[in-house]
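The block underneath contains the structure these notes are about, expressed in structure tokens.
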Amino acid sequence: MTEDHRPRSPMYSQFDVTTYSAQHPPAGGYGGEIARLLRELLAAQDRQNELLEEVVSQLGATQRQRANELGQWKQANPELARGCRQAAEALTKVQTEYLYSLTREIADNFDALVDGEFMLNEFVDRFGPRLAHLNGLLQVLSQLSSTPSPANTRNSP
């Protein structure tokens with residue numbers, strides 16, 4: 001075997017491990033660039049905050065208008081509003097019974113629902129649309145009922 005006597009670069013090199021002093025600005029003048037970028041970020045954040053305040057204002061105005069219109073409708077139709085409240089209470093009981101039957105069906109057929117896509121699709125087709133429509137009806141009746149919700153009473157003047 002021949003031995004290679006070519007000069008090799010040293011395995012270790014020297015590093016400057018002196019402490020960095022914050023008193024000396026970095027070479028290249030990055031301090032001004034960083035300050036400019038921070039000012040731009042602050043301006044962008046201020047603009048974003050202004051836009052969010054506008055969105056909140058618009059949504060609040062729309063909700064107040066809707067609550068006002070609903071209140072006027074309830075005052076103009078007090079008997080119908082009371083009827084909506086009674087219907088909502090009755091339909092809530094129906095919904096509760098429906099949910100009991102739905103949960104019993106799930107408990108009784110859990111394995112079939114997990115293992116078979118056909119059974120799961122049948123279950124969803126049988127219970128899903130009825131539950132969605134029932135929830136929609138309850139929501140409308142509750143909004144039109146004569147009892148104001150706590151959320152609407154806070155926004156009222």
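Things worth noting here:
- Selection count, region 104-139, where residues are over 15 Å from residue 94 (Cα atoms), polar (S, T, N, Q) and part of a helix (DSSP H, G or I): 1
- Considering 88, 44, 151, the condition of being surrounded by 14 or more Cβ atoms within 10 Å (Cβ to Cβ) and either on the phi < 0 side of the Ramachandran plot or modelled with pLDDT under 90 (or both) is satisfied by 88 alone.
The values are calculated or read from the model by the stated rules, or taken from the named source; none is laboratory data. Quick caveat, the model's predicted, so the values are computed rather than measured. Please note: Cβ atoms are built from the backbone with ideal geometry, for glycine as well, and neighbour counts cover all protein chains shown.
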